[in-house]
Number of protein chains: 2
Amino acid sequence: MARETRIPNATIERIALYVKPLERLLEEGTEVVSSRKLALLCRVRSAQVRKDLSYFGEFGVRGVGYDVRDLLREIRRILGTDQEWRLAIVGLGNMGQALAQNPAFAKRCHRFVAAFDSDPDKIGTTVLPGLIIQPASEIVQVCRAEGVHIGLIAVPSSQAQGVADRLFEAGVKAILNFSPFQVRRPDCCHVENVDFTVSLDNLAYFLGRKGKG
Amino acid sequence: MARETRIPNATIERIALYVKPLERLLEEGTEVVSSRKLALLCRVRSAQVRKDLSYFGEFGVRGVGYDVRDLLREIRRILGTDQEWRLAIVGLGNMGQALAQNPAFAKRCHRFVAAFDSDPDKIGTTVLPGLIIQPASEIVQVCRAEGVHIGLIAVPSSQAQGVADRLFEAGVKAILNFSPFQVRRPDCCHVENVDFTVSLDNLAYFLGRKGKG
């Protein structure tokens, strides 16, 4: 598919936003969606939707809309979310437990293959069927052996960089960081920070304006 | 402060991003920061930092930089994050417990005044000192009595809209939604969705490109 290499980065970033509304439409039994409806659900302009989707294949039927299932499959293929990525999670406190049990990973065929904590009371216990907590001291060895692709960090800020460094050492190239600490990374790797405090500050600002207005 | 009303929305959205790096500088004992250093930490251009900060007061000392403490105080005041907002959390599973114990709220002077769950085994137990889980059926009554400003939703998708509707009914104007379900809201209210699946998809895309490249 020589065509794929020409998709602009801005489009790639945007099409990830189409996934959830399309999943919801499919769950509701909707088979075809218009660019206008899809734009409304994704909060972008219709013209933008049509332009973004024009880059990868012909799913549009003029005057009718897009085939929801085909479109979702193609977007997932381009995003790489139709592949099974192997996950490791470090830190099985409340946040780590909530993540391990989150259905979003299984929905994407991603699979937890390793879990780590440094608390002796947790080591040896089961997080999910077949997923047993191992000592954090074995991150490098186990992640290498398991061929982990994505590491999830759910430890306190003070431990985040140390954990990230061990994951990178094990050859893990992608990290989803739930600690508020922004970890440093080698150039070959990618880190996504999930930080709700910006959203919290937006709400406070909204309330502050409202109160004064 | 007539001046404040002229701050563009784009600037307001951006200054929330300055908070965390400034907090870190302060914790490290840094008293003055240059626009160049701040730009680097926030990943924006220096010219942008200078423009954004020019809107609210004179904290810049030419050739030296900004007073970190004064700047942070002023940003928090403008964002409304220096005020005490009263929080209620609904859903005390692993995610809810992790949130209730997150130091980010106390750091902002926000305070949990109510916690709800529908599980009889949880009702009556203590989440934080003085914070006892109450039945979800009492959300409207309790939130009204407690004057709750911000509601946190940490329940499964299927229950999210019902919980949001009860919070709105109780006069709660701002919701931080940790369920993957995008709740509908009245025009007078604001909802921020915290959804890590977009970050996860970005990582998968990064790995997919890497594998093929």
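Any read-out appearing in this document is the output of simple, stated calculations on the displayed coordinates, not a laboratory observation. Keep in mind it's a predicted model, so treat the numbers as computed, not measured. Cβ sites come from the backbone with ideal geometry, for glycine too, and all protein chains shown count toward neighbours.
Considering only A:SER54, A:SER199, A:SER118, the mean-square fluctuation computed in a Gaussian network model of chain A, springs between alpha carbons under 10 angstrom, is largest for A:SER199.
Calculate how many DSSP beta bridges within chain A are antiparallel, expressed in % of all such bridges and rounded to the nearest 5.
So the antiparallel bridges amount to about 25 percent of the total.
For A:PHE112, the residues whose amide H sits under 5 Å from its own are A:LEU87, ignoring neighbours fewer than 5 places away on the same chain, with H placed 1.01 Å from N.
A point 7 Å from Cα along Cα→Cβ stands in for B:VAL64, and the other copies hold the same point at 7.0 nm, listed in rising order. Legend: distances between Cα atoms for A:LYS107/A:LYS210; A:LYS210/B:LYS20; B:LYS37/B:LYS210; A:LYS122/B:LYS20; A:LYS210/B:LYS107; pairs beyond 28 Å are A:LYS107/A:LYS210; B:LYS37/B:LYS210; A:LYS122/B:LYS20. Between B:ARG184 and A:CYS109, the modelled label-to-label distance comes to 3.5 nm, taking each label 7 Å out from Cα in the direction of the beta carbon. Shape of the protein assembly as shown from the C-alpha gyration tensor: rounded (a/c under 1.5, with a ≥ b ≥ c the square roots of its eigenvalues). In plain terms, the residue of A:LEU26, A:LEU131 with the fewest other Cβ atoms within 10 Å comes first and the most crowded comes last, giving A:LEU26, A:LEU131. Sequentially through region A:149-157, phi angles give Karplus couplings (6.51, -1.76, 1.60; θ = phi - 60°) of 9, 10, x, 9, 9, 9, 10, x, 3 Hz, Gly and Pro residues having no value and appearing as x. In region B:86-197, Cα pairs under 8 Å separated by at least six residues give a relative contact order of 24 percent. Counted by neighbouring Cβ atoms within 10 Å, the residues A:LYS122, B:LYS51 run from fewest to most as B:LYS51, A:LYS122. Each copy carries B:LYS210; placing its label point 7 Å along the C-beta direction from Cα gives inter-copy distances of 4.2 nm, listed from smallest up. Counting Cβ atoms of other protein chains within 10 Å of each Cβ in A:92-103 and taking the mean gives 5.
Measuring from each Cβ of chain A to the axis that turns chain A onto chain B, the shortest distance belongs to A:ASN94, 2 (residue, then whole Å). Calculated mean residue ellipticity, 222 nm, chain A: -12500 deg cm²/dmol, from DSSP H runs (n ≥ 4) at -39500 (n - 2.57) each, averaged per residue and rounded to 500. Remark: the A:ASP119-A:VAL198 segment gains 25.4 nm on full extension, using 0.36 nm per residue and subtracting the alpha carbon distance. When the Cα positions of B:GLY162, B:ALA174, B:GLY93 are compared along the charge dipole of region B:86-197, B:ALA174 comes out farthest toward the positive end, with charges on each C-beta of Lys, Arg, Asp and Glu.
Across peptide B:148-155, the average count of Cβ atoms from other chains found within 10 Å of a residue's Cβ is 2. Couplings 3J(HN,Hα) of region A:29-37, computed from phi: x, 7, 9, 10, 10, 7, 5, 5, 5 Hz, in residue order, whole Hz [Karplus 6.51 cos²θ - 1.76 cosθ + 1.60, θ = phi - 60°; x for Gly and Pro]. Taken residue by residue and averaged, Cβ atoms of other chains lying within 10 Å of the Cβ of A:75-87 number 4. Taking other C-beta atoms within 10 angstrom as a stand-in for reagent exposure, A:THR81, B:THR197 fall in the order B:THR197, A:THR81, fewest first. Using a Gaussian network model of chain A in which every pair of alpha carbons under 10 angstrom is joined by a spring, one finds that among A:ILE15, A:ILE89, A:ILE133 the greatest mean-square fluctuation is at A:ILE15. Under 5 Å between amide hydrogens, built in the peptide plane, is the criterion, and for A:ILE175 it picks out A:GLY151, A:HIS190, A:VAL191, A:GLU192 among residues at least 5 positions away or on other chains.
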